[in-house]
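The values are calculated or read from the model by the stated rules, or taken from the named source; none is laboratory data. Because the structure is predicted, anything quoted here is derived from the model rather than measured. Every residue, glycine among them, receives a Cβ derived from its backbone with ideal geometry; neighbour counts consider all protein chains shown. Only protein heavy atoms, including side chains, enter the accessible area calculation; ligands, DNA and RNA are left aside. Shrake-Rupley method; radii C 1.70, N 1.55, O 1.52, S 1.80 Å.
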Amino acid sequence: MVGVSGAGDVAEFAEPLREFKGKADRSHAALAARGGVSGSAPHRYCSGVSVPGGYEVIARFGKVCGTSG
């Protein structure tokens, strides 16, 4: 993903994802099923282990969590 280059960037990227997930009160499995990604992907993204390969995944994650923009 463009703009995410190091471990600190990945951790910073993961923080709002955890907040979105918490506010939506959805499990990682529910996010995966509704977001069209593997079952472990939301956990990896929220924990800062990895980032998605494209914007579309983040857009779906946000939509499932009820975020805008």
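Labels on offer are [x] 35; [y] 22; [z] 32, and the one holding percent of Cα pairs over 19 Å apart computed from this structure is [y].
Each residue was assigned an accessible area with a 1.4 Å probe, and for Leu31 the value is about 10 Å².
Please work out the average accessible area per residue across the chain, using the 1.4 Å probe convention, and give it in Å².
Numbers: 4190 Å² over 69 residues.
It amounts to 61 Å² per residue over the chain.
Ligands, DNA and RNA excluded, the heavy atoms of Glu56 present near 110 Å² of accessible surface to a 1.4 Å solvent probe. Computed about its Cα centre, the charge dipole of region 8-69 is approximately 280 debye, with only Lys, Arg, Asp and Glu carrying charge at their Cβ.
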